[in-house]
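Take a look at the structure below.
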Amino acid sequence: MRAIVSDRYGSLDVLQLKDIERPRPGPGEVAVRVRAAGVDPSIWHLTSGQPYLIRLLGFGLRRPRRLVPGLDLAGTIEEIGPGVTDLRPGDEVFGTADGSFAEYAIAKASRVVAKPANLAFDQAAAVPVSACTALKGLLSVQSGQRLLVIGAGGGVGSYAVQLAKARQAHVTGVCSTAKTDLVKMLGADEIVDYKRESITGRYDVILDTAGDRPLSQLRQHLSPKGTLVIVGGEGGGKLVGSVARTLRAALLSPFVSHQLKGLIATAENPADLLELKRLIAEGAVTPVLDRTFPLAEAVAAIRYVQQGHARGKVVVTL
Ligand SMILES: NC(=O)c1ccc[n+]([C@@H]2O[C@H](COP(=O)([O-])OP(=O)(O)OC[C@H]3O[C@@H](n4cnc5c(N)ncnc54)[C@H](OP(=O)(O)O)[C@@H]3O)[C@@H](O)[C@H]2O)c1
């Protein structure tokens, strides 16, 4: 089968399109014929092995533990492994697998669910990692609360705005000038165009997905008992990257009135995928697709996301 592979850490040039053996599902696993694979910033971090901290977290010390990158997928079940009872060959699914940048990927049966009927494969592949992350980041958000989403036009942010509006929060989205129309269309009540103006006001919850703003600056915009949820950002050094800010937040949180926390999201929870599927069916959430790239141009897709200004999601199609 055709797959994008890399057997060493390095720049995106280490990724190559190759013919490799098709994987077979083991117990509790399914083989998915991949029709589309979502791209997110973790892919180029795992390709480069930077920040170095990720090498210590089980992704491979000297070389990537996974030959094929890619996590999000949408496709059709090709084969089921022993013990899988709730999925059948031919089922259209979406979810996550290790190595979705390939014609076939092996997923744990618990990591995929039936694809939303109202989404095409490329739209469905744009959902799992980013939307599950947004869902987890908004756990504490309630109706009427004031929420600030930093990076509101990006992969996670575009879902966060829609999910928060579905919960009837008052949403202010922070984005660049080029995305103000998009973020308004997603339902934001107010926009901060960070290229032209500064953040003002106070918020019950800040969901920070971009920009690496200092904790002290973010805390100025929290209500007295407000919550800061750090999803990510591309700052920091080669050693720990933006995790440094998350660690500082965790250390500071017990000593201040604000709740400061970092988010580690996994897309393995089928309950989250089913909740998203319900919201998608109701029309409350719609994936925003910036661009799609064929598998042969997967490196260009990852590079586009690496530049940090994607408008919603980027997807590789097969
Ligand atoms: N903790 C977790 O489990 C988890 C899960 C998923 C992702 N992440 C991390 O979360 C971050 C966001 O992921 P993503 O998929 O949403 O990335 P993305 O699609 O690249 O979106 C980032 C967005 O941030 C905006 N942005 C850039 N600089 C900004 C600034 N100074 N202020 C405000 N907005 C700015 C960009 O748009 P503009 O053109 O408007 O600048 C872009 O739309 C990444 O660091 C990723 O690694 C963490």
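The values are calculated or read from the model by the stated rules, or taken from the named source; none is laboratory data. For clarity, every value in this text was computed on a predicted model and none was experimentally measured. Heads up, the Cβs are rebuilt from the backbone with ideal geometry, glycines too, and the neighbour counts pull from every protein chain shown. These accessible areas exclude ligands, DNA and RNA; they are computed on the full protein's heavy atoms, side chains included. Shrake-Rupley method; radii C 1.70, N 1.55, O 1.52, S 1.80 Å.
Per-residue answers, yes or no, for (1) part of a loop (DSSP other than H, G, I, E, B); (2) charged (D, E, K, R):
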{"position": "Leu56", "(1), (2)": "no, no"}
{"position": "Leu61", "(1), (2)": "yes, no"}
{"position": "Leu67", "(1), (2)": "yes, no"}
{"position": "Ala74", "(1), (2)": "no, no"}
{"position": "Glu78", "(1), (2)": "no, yes"}
{"position": "Pro82", "(1), (2)": "yes, no"}
{"position": "Thr85", "(1), (2)": "yes, no"}
{"position": "Ala105", "(1), (2)": "no, no"}
{"position": "Val113", "(1), (2)": "no, no"}
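Can you pull out every residue in region 275-296 that is out of contact with any strand residue (DSSP E or B) (no Cβ under 8 Å at 6 or more places or on another chain) and either open to solvent by 20 Å² or more (accessible area, probe 1.4 Å) or more than 16 Å from the ligand (Cβ to nearest atom) (or both)?
Looking only at region 275-296, we keep the residues that are out of contact with any strand residue (DSSP E or B) (no Cβ under 8 Å at 6 or more places or on another chain), and these are 275-276, 278-286.
Matches in region 275-296: Glu275, Arg278, Leu279, Ile280, Ala281, Glu282, Gly283, Ala284, Thr286.
Out of the residues in region 197-213 meeting the condition of being in a loop (DSSP other than H, G, I, E, B) and away from the ligand (no atom under 12 Å from the Cβ), tell me which one is farthest from Ser176 (Cα to Cα). Before you say what the answer is, go through the steps one by one.
Of all residues in region 197-213, those in a loop (DSSP other than H, G, I, E, B) come to 197-202, 209-213.
From what's left, away from the ligand (no atom under 12 Å from the Cβ): 200-202.
Working: Thr200: 16, Gly201: 18, Arg202: 20 Å.
Restricting to residues being in a loop (DSSP other than H, G, I, E, B) and away from the ligand (no atom under 12 Å from the Cβ), the top hit is Arg202.
Quick one: which residue in Thr177, Thr172, Thr200, Thr209 is within 16 Å of Gly312 (Cα to Cα) and without any contact (Cβ under 8 Å) to a residue 60 or more places away in the chain?
On the way: Thr172 fails: within 16 Å of Gly312 (Cα to Cα); Thr200 fails: within 16 Å of Gly312 (Cα to Cα); Thr209 fails: without any contact (Cβ under 8 Å) to a residue 60 or more places away in the chain.
The conditions single out Thr177.
If you scan region 94-138, which residues turn out to be under 17 Å from Pro25 (Cβ atoms), among the hydrophobic types (A, V, I, L, M, F, W, C) and surrounded by fewer than 24 Cβ atoms within 10 Å (Cβ to Cβ)?
Across region 94-138, the qualifying residues are Ile106, Ala109, Val113.
Looking at (1) open to solvent by 20 Å² or more (accessible area, probe 1.4 Å); (2) in contact with a Lys or Arg (Cβ under 7 Å, 6 or more places away or on another chain); (3) more than 9 Å from the ligand (Cβ to nearest atom), find the lone condition where Thr177 falls short.
(3)
Here is a list: Pro64, Pro69. Which entry is buried (at least 24 other Cβ atoms within 10 Å of the Cβ) and closer than 23 Å to Glu21 by Cβ?
On the way: Pro64 fails: buried (at least 24 other Cβ atoms within 10 Å of the Cβ).
From the options Pro64, Pro69, the qualifying one is Pro69.
Quick check, is Asp13 part of a loop (DSSP other than H, G, I, E, B), open to solvent by 40 Å² or more (accessible area, probe 1.4 Å), of a type in the set (Asp, Glu) and touching a residue at least 12 places away in the same chain (Cβ under 8 Å)?
Values: part of a loop (DSSP other than H, G, I, E, B): no; open to solvent by 40 Å² or more (accessible area, probe 1.4 Å): yes; of a type in the set (Asp, Glu): yes; touching a residue at least 12 places away in the same chain (Cβ under 8 Å): yes.
In short, no.
Name the single residue, out of those in region 139-162 being out of contact with any strand residue (DSSP E or B) (no Cβ under 7 Å at 6 or more places or on another chain) and either of a type in the set (Ser, Thr, Tyr) or open to solvent by less than 10 Å² (accessible area, probe 1.4 Å) (or both), that is farthest from the ligand (Cβ to nearest atom).
The residue in question is Ser143.
Return the residues of region 293-312 that are in a loop (DSSP other than H, G, I, E, B) and among the aliphatic types (A, V, I, L, M); say none if nothing qualifies. Walk me through it before giving the result.
First pass over region 293-312, keeping only residues in a loop (DSSP other than H, G, I, E, B): 307-312.
Listed by number, the list holds a single entry, Ala310.
Could you grab me the full set of residues in region 235-253 that are open to solvent by 30 Å² or more (accessible area, probe 1.4 Å), over 26 Å from Arg146 (Cβ atoms) and within 12 Å of the ligand (Cβ to nearest atom)?
Correct list: Gly236, Val243.
Identify the residue in region 27-51 that is among the small types (Gly, Ala, Ser) and open to solvent by 20 Å² or more (accessible area, probe 1.4 Å) and, among all such residues, is nearest to Leu73 (Cα to Cα).
That would be Ser42.
Please count how many residues of region 258-274 are away from the ligand (no atom under 16 Å from the Cβ) and open to solvent by 70 Å² or more (accessible area, probe 1.4 Å).
Qualifying residue count for the region: 2.
Between Gln306, Gln217, which is open to solvent by 20 Å² or more (accessible area, probe 1.4 Å), within 24 Å of His170 (Cβ to Cβ) and within 13 Å of the ligand (Cβ to nearest atom)?
Numbers: Gln306 fails: within 24 Å of His170 (Cβ to Cβ).
Sole residue among the options that is open to solvent by 20 Å² or more (accessible area, probe 1.4 Å), within 24 Å of His170 (Cβ to Cβ) and within 13 Å of the ligand (Cβ to nearest atom): Gln217.
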